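Asker: Got a structure for you, questions after.
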Amino acid sequence: MNVYFVTSNEGKFREAKEIGKRYEVNVEWIRREYLEPQGKDLEEIAKISAKLLANEIDKPFFLEDSGLFIQALNGFPGPYSSYVFKTIGNEGILKLMNGVEDRSAYFLAVIAFWDGEKVLTFKGKVEGKIAKEMRGDKGFGFDPIFEYNGKTFAEMGEEKNEVSHRRRALESFFEYLKSLK
Ligand code: ITT
């Protein structure tokens, strides 16, 4: 089965492609940026983005909106993760967290699937901690500062795909696709 993933982020696509193999789903890349409305709720943002994009793409597709939510920063950067990564990056986050004891954080991924008629959403979450310094050279984005069971996602490589927010969201999405057959 083929499914089309709209994203400008190569790291997100690569992981989805790998995870797809485990479910016999071939994930194809529609590499492009798209308009994301501002908002507090990732699910709302993903849904609206998918509905807007449906006017331009004439086949079923999915997109995925993800974010890093840091407890001590009241959920920041959350829905602004992409902008915050591009502006202050991992170093900026580490500075904001300097001296902060509660380092708990989570990643959330929301998939919005346009099936040709309507949008369906699937979510995945993973809880972890903000590391004290960047570690590891695999992965992308906030991976070097996100710690899960003592290792950062950037130190985990392939293992990340066993436990990540993306894996969990894709798993329920792919199970849904299978149930249609
Ligand atoms: P698209 O919207 O085109 O898909 P994007 O990079 O803007 O690409 P998001 O808005 O969903 O995607 O991403 C929010 C930010 O969170 C972005 O900077 C990502 O690099 C980062 N991010 C998302 N998933 C991540 C992961 O698994 N590990 C590390 N960082 C991640």
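Asker: Going residue by residue through the stretch 90-111, is there one that turns out to be more than 18 Å from ASN9 (Cα to Cα), crowded, with 16+ Cβ neighbours inside 10 Å and within 12 Å of the chain's Cα centre (by Cα)?
Answerer: Scanning the stretch 90-111 turns up at least one residue that is more than 18 Å from ASN9 (Cα to Cα), crowded, with 16+ Cβ neighbours inside 10 Å and within 12 Å of the chain's Cα centre (by Cα).
Asker: For the stretch 114-161, give me each residue that is open to solvent by 40 Å² or more (accessible area, probe 1.4 Å), part of a helix (DSSP H, G or I) and at pLDDT 95 or above.
Answerer: Passing the criteria: GLU155, GLU159.
Asker: Additional query: I'm told GLU24 meets every condition in (1) exposed (fewer than 13 other Cβ atoms within 10 Å of the Cβ); (2) out of contact with any Lys or Arg (no Cβ under 9 Å at 6 or more places or on another chain); (3) not aliphatic (A, V, I, L, M) except one. Can you identify the failing condition by its number?
Answerer: Only one criterion is unmet by GLU24, namely (2).
Asker: Count, please, the residues in the stretch 21-50 that happen to be assigned to a strand (DSSP E or B) and either at pLDDT below 95 or in contact with a helix residue (DSSP H, G or I) (Cβ under 8 Å, 6 or more places away or on another chain) (or both).
Answerer: 4
Asker: I want to confirm something. Restricting to the stretch 169-181 and keeping residues that are open to solvent by 90 Å² or more (accessible area, probe 1.4 Å) and in a helix (DSSP H, G or I), which single residue is nearest to LEU63 (Cα to Cα)?
Answerer: Per the stated criteria, the residue is GLU175.
Asker: Is it the case that PHE5 is open to solvent by 50 Å² or more (accessible area, probe 1.4 Å), near the ligand (Cβ under 9 Å from one of its atoms) and modelled with pLDDT of 95 or more?
Answerer: Answer is no for this residue.
Asker: Continuing with the same structure: Kindly provide the set of residues from the stretch 62-115 that are touching a strand residue (DSSP E or B) at 6+ places or on another chain (Cβ under 7 Å) and of a type in the set (Asp, Glu), ordered by number.
Answerer: Answer for the stretch 62-115, where residues must be touching a strand residue (DSSP E or B) at 6+ places or on another chain (Cβ under 7 Å) and of a type in the set (Asp, Glu): GLU64, ASP65.
Asker: Separate question: Cβ-Cβ under 7 Å, sequence separation 6+ or interchain: first residue in the stretch 77-93 and touching a residue at least 24 places away in the same chain (Cβ under 8 Å) and under 19 Å from LEU35 (Cβ atoms), partner basic (Lys, Arg) and more than 9 Å from the ligand (Cβ to nearest atom). Which pairs?
Answerer: As it stands, the answer is PRO79/LYS40, since those pairs meet every condition given.
Asker: I'm told THR121 meets every condition in (1) more than 13 Å from the ligand (Cβ to nearest atom); (2) more than 23 Å from ASP65 (Cβ to Cβ) except one. Can you identify the failing condition by its number?
Answerer: Only one criterion in (1) more than 13 Å from the ligand (Cβ to nearest atom); (2) more than 23 Å from ASP65 (Cβ to Cβ) is unmet by THR121, namely (2).
Matching residues to (1) within 8 Å of the ligand (Cβ to nearest atom); (2) part of a loop (DSSP other than H, G, I, E, B); (3) open to solvent by less than 70 Å² (accessible area, probe 1.4 Å):
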position	(1), (2), (3)
GLY11	yes, no, yes
ARG14	no, no, no
ILE19	no, no, yes
LEU52	no, no, no
PHE62	no, no, yes
LEU68	yes, no, yes
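Asker: Another question, if that's okay. Just wondering, is there one or more residues in the stretch 69-85 that are farther than 17 Å from ARG166 by Cα and touching a Pro at 6+ places or on another chain (Cβ under 6 Å)?
Answerer: Scanning the stretch 69-85, I find at least one residue that is farther than 17 Å from ARG166 by Cα and touching a Pro at 6+ places or on another chain (Cβ under 6 Å), so the answer is yes.
The values are calculated or read from the model by the stated rules, or taken from the named source; none is laboratory data. Please read these numbers as outputs of a predicted model, since none were measured by experiment. All Cβ positions, glycine included, derive from the backbone under ideal geometry; neighbour counts span all protein chains shown. When the accessible area is computed, the model is the full protein with side chains, heavy atoms only, and any ligands, DNA or RNA have been set aside. Shrake-Rupley method; radii C 1.70, N 1.55, O 1.52, S 1.80 Å.
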